[in-house]
Structure formats: structure tokens, C-alpha cells
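Student: For reference, the structure I am asking about is given below.
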Amino acid sequence: MSTPYPLLLEIDEYVERLFVPRDPVFEQSLRDATAAGLPEINVSPNEGKLLYLLAKLSGAKRALEIGLLGGYSTMWLAKALGPEGRLVTLEIDEKCVQVAGKNLERAGLSSRVDIRHGDARASLEKMIAAGEDPFDLVFIDANKEAYPAYLDYAMKLVRPGSLILADNVIRDGKVARDGQTDPLVLGIQEFNRKLAANPRLESIMVMLLREALDGLAIARVKE
Ligand code: DHB
Ligand code: MG
């Protein structure tokens with residue numbers, strides 16, 4: 001990986017060597033996603049392990065993912081939920097649904113994962129209208145411009161104590177600067193402000209190294 005942050009890359013690789021044992025099935029899923037032409041914007045192994053641990057620490061059994069891509073983060077979360085766990089994942093792109101479906105099958109995780117193909121906002125509307133049971137954990141990792149809307153939907157699908165996680169909340173530090181024009185950055189900035197201002201949530205975000213610096217938002221719904 002090329003990065004303007006060689007020291008951070010060295011540390012990130014060190015942490016990965018120590019704490020994220022290589023898993024051929026997880027690695028194959030990334031190769032297959034790339035071979036199918038999906039963008040290489042999956043979470044990193046270290047972020048995957050962090051998602052896995054957050055799911056385990058919170059005792060989550062029912063999770064919602066917005067943005068399936070090739071199913072790499074899905075596999076980390078589904079693994080953490082255990083055999084009785086259920087993960088609903090929303091994806092608009094047909095190719096992602098196919099690639100991720102195969103990856104989950106190969107990992108033996110398909111029975112825990114319910115892939116819903118279609119526009120996430122429409123799926124979320126439907127879930128709310130249908131009175132779907134609350135989720136213990138929501139992971140947002142899809143269209144950045146829609147993050148503020150995804151947060152509003154997520155708030156209607158959680159219970160006190162649930163976790164809301166969101167990828168890509170740092171965007172190489174652009175979020176910290178005024179005068180941004182990129183609609184993706186503007187979407188994330190609005191999301192971050194909404195997250196911070198929501199009186200029902202206690203939240204933080206942590207920096208993570210990707211191609212550039214990025215981050216994960218971690219929020220807990222108050223009791
Ligand atoms: C982008 C999206 C992601 O979810 C990610 O992790 C990195 C980049 C993007 O759309 O640019
Ligand atoms: Mg992402």
C-alpha cells in the first residue's frame with residue numbers, strides 16, 4: 001500500500017501481524033472482490049478485527065450493515081455474532097450481492113446473513129414500517145452523501161445500549177477543515193455533527209490508516 005504516512009503504515013502492519021492472524025478464506029474474499037472488479041475500499045484487516053471485537057464486547061446478536069461491498073466486513077461481523085446471530089446487510093449493486101454471497105458461502109456464514117438487494121434508504125423505510133426488531137449493532141459503510149439520512153434511519157432501528165458504527169468519518173483529515181466542496185466530505189461532516197449533537201448517543205471516533213487516514217465512529221445509544 002502506498003501511503004503518505006510510512007510510520008503509521010509500519011505500526012498498522014505491526015499490529016496486524018500481532019493481532020490479526022492470516023485467514024485464507026478472508027484473504028480469498030478480498031482477491032475475489034478485486035477480480036470481479038469491485039473497488040478496493042473494504043475495511044482493513046485491523047478495522048475488521050476492531051468491528052469484530054466491538055460486536056463481541058457489546059454482546060451483539062442482531063446486526064445491520066448498510067453497504068455490503070464484497071462482504072469482507074460482513075464476514076468479520078457475522079463471525080462475531082456467533083452461530084445464533086443474524087446480520088441484515090443492504091446493498092444496491094447486483095455484482096456486490098453476487099460476489100459477497102459467494103464469499104459468505106465459502107466462509108460458512110451464509111446462514112447468519114440476510115442480504116437485501118436494493119436502495120438502502122428504501123430498504124430502511126420498509127424495515128421501519130414493518131416494525132422490524134431493533135438491532136444491537138448498526139454498521140454504516142455506504143454512500144457517504146447519505147450518511148446523515150442513514151443515521152436518522154438507524155436511530156429508529158436501535159434500542160438503548162445498541163452500538164452505531166460508521167466507516168470513513170475522517171477522510172484524510174478533510175472533515176476537520178472548513179470550506180470543503182467534495183459532496184462526500186460534506187456528507188460525512190454533516191454526519192459527524194449530527195452524531196456529536198444527538199442527545200440519545202454517546203460517541204467518539206478513532207483514526208485508522210487506510211490508503212490515507214480515515215476513521216471509525218463509535219456511538220452507543222443511551223439507556
Ligand atoms: C470510499 C468508500 C468507503 O466505504 C471506503 O471505506 C473508502 C472509500 C469511497 O467511496 O471513496
Ligand atoms: Mg468504508
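The values are calculated or read from the model by the stated rules, or taken from the named source; none is laboratory data. Since this is a predicted model, take the numbers as computed values, not measurements. Backbone-built Cβ (ideal geometry, glycine too); neighbour counts: all protein chains shown. For the accessible areas, the whole protein counts, side chains as well, though only heavy atoms, and no ligand, DNA or RNA atoms are used. Shrake-Rupley method; radii C 1.70, N 1.55, O 1.52, S 1.80 Å.
Student: Among SER110, ILE170, ALA149, which residue has its Cα furthest toward the positive end of the charge dipole of region 88-179, with +1 on Lys/Arg Cβ and -1 on Asp/Glu Cβ?
Tutor: ILE170
Student: Nearest-5 percent of antiparallel DSSP beta bridges in the chain?
Tutor: Numbers: 14 of 33 bridges.
About 40 percent, rounded to the nearest 5.
Student: Continuing with this model, one more query. Which whole-number percent is the relative contact order of region 1-107 (Cα, under 8 Å, 6+ apart)? Walk me through the numbers on the way to the answer.
Tutor: Working: 118 pairs, mean separation 29.3, N = 107.
RCO, region 1-107: 27 percent.
Student: Something else about it: So, with +1 on the Cβ of K and R and -1 on the Cβ of D and E, and no other charges, what is the size of the charge dipole of region 97-136 about its Cα centre, to the nearest 20 debye? Could you put the intermediate results ahead of the total?
Tutor: Details: 6 positive and 7 negative charges, 51 e Å.
Magnitude of the dipole: close to 240 debye.
Student: OK, next. Per residue, how many Å² of accessible area does region 100-172 show with a 1.4 Å probe? If you can, show how the numbers build up before the last one.
Tutor: Working: 2940 Å² over 73 residues.
Dividing the accessible area of region 100-172 by its residue count gives 40 Å².
Student: Run the numbers on region 94-221 and let me know its relative contact order in percent, using alpha-carbon pairs under 8 Å that are six or more apart. Can you show the working numbers first?
Tutor: Numbers: 173 pairs, mean separation 29.9, N = 128.
Averaging sequence separation for qualifying contacts and normalising by length gives 23 percent for region 94-221.
Student: What residues have an amide H closer than 5 Å to that of ASP119, excluding those fewer than 5 places away on the same chain, when H is modeled at 1.01 Å from N in the peptide plane?
Tutor: Amide H neighbours of ASP119, under 5 Å, 5+ apart: none.
Student: Tally Lys/Arg at +1 and Asp/Glu at -1 over every other residue whose Cβ is under 15 Å from the Cβ of GLY101; what's the total? Display every interim value, and only then the final one.
Tutor: Values: positive: LYS95, LYS102, ARG106, ARG112, ARG116; negative: ASP32, GLU65, GLU91, ASP93, GLU94, GLU105, ASP114.
Residues near GLY101 contribute -2 overall.
Student: How much length is gained on full extension from LEU7 to ARG159, taking 0.36 nm per residue of separation minus their Cα-Cα distance? Display every interim value, and only then the final one.
Tutor: Values: separation 152, 0.36 × 152 = 54.72 nm, distance 4.00 nm.
The LEU7-ARG159 span can extend by a further 50.7 nm.
Student: Let me ask you something else. Go ahead and set up a Gaussian network model of the chain, Cα springs under 10 Å, then flag whichever of ALA55, ALA78, ALA107 fluctuates most.
Tutor: Looking only at ALA55, ALA78, ALA107, the biggest GNM fluctuation is shown by ALA107.
Student: Hey, any idea what % of the chain's accessible area is carbon plus sulfur with a 1.4 Å probe?
Tutor: That share works out to 55 percent.
Student: Additional query: First select every other residue whose beta carbon is under 13 angstrom from the beta carbon of ALA78; then total the charges, Lys and Arg +1, Asp and Glu -1.
Tutor: Combined, the nearby Lys, Arg, Asp and Glu give +3.
Student: Accessible surface of VAL221 in the full protein assembly, 1.4 angstrom probe, to the nearest 10 Å²?
Tutor: About 0 Å², ignoring ligands and nucleic acids.
Student: Among PHE135, PHE191, PHE19, determine the one that fluctuates most according to a GNM of the chain built with springs between C-alpha atoms less than 10 Å apart.
Tutor: Ranking PHE135, PHE191, PHE19 by mean-square fluctuation puts PHE19 first.
Student: Here is a further query. Can you compute the charge dipole magnitude of the chain about its Cα centre, using +1 on each Lys and Arg Cβ and -1 on each Asp and Glu Cβ, nothing else charged? Give it in debye, rounded to the nearest 20. Intermediate values should be presented prior to the final figure.
Tutor: Details: 28 positive and 33 negative charges, 120 e Å.
For the chain, the charge dipole is close to 580 debye.
Student: Considering only THR34, GLY59, GLY70, whose Cα is most displaced toward the positive end of the charge dipole of region 1-71, charges sitting on Cβ of Lys, Arg (+1) and Asp, Glu (-1)?
Tutor: My answer, from the dipole projection, is GLY59.
Student: Using only the Cα atoms of region 1-98, build the gyration tensor, take square roots of its eigenvalues as a ≥ b ≥ c, and label the shape rounded, prolate or oblate: rounded if a/c is under 1.5, else prolate if a/b is larger than b/c, else oblate. Before the final figure, lay out each step's value.
Tutor: On the way: a/c = 2.00, a/b = 1.19, b/c = 1.69.
Oblate.
Student: For a quick check of understanding: with a 1.4 angstrom probe and all protein chains in place, what accessible area in square angstrom does ASP172 have, to the nearest ten?
Tutor: 60 Å²
Student: Taking Cα pairs under 8 Å and at least six residues apart, what relative contact order does the chain come out at, in percent? Numbers along the way, then the final one.
Tutor: Working: 385 pairs, mean separation 38.6, N = 223.
Relative contact order comes out at 17 percent.
Student: Rounded, prolate or oblate for the chain? Axes are the square roots of the Cα gyration tensor eigenvalues, ordered a ≥ b ≥ c, and the cut-off for rounded is a/c under 1.5. Show your work: numbers first, answer last.
Tutor: Details: a/c = 1.36, a/b = 1.03, b/c = 1.33.
Rounded.
Student: Quickly estimate the mean residue ellipticity at 222 nm for the chain, helices only: each DSSP H run with n ≥ 4 gives -39500 (n - 2.57), and the total goes over all residues, rounded to 500. Mind dumping the intermediate values first?
Tutor: Values: 8 runs with 96 residues, N = 223.
The helix contribution divided over the chain gives -13500 deg cm²/dmol.
Student: Which of PRO45, PRO134, PRO199 ends up with the largest GNM mean-square fluctuation for the chain, with Cα atoms connected below 10 Å?
Tutor: PRO199
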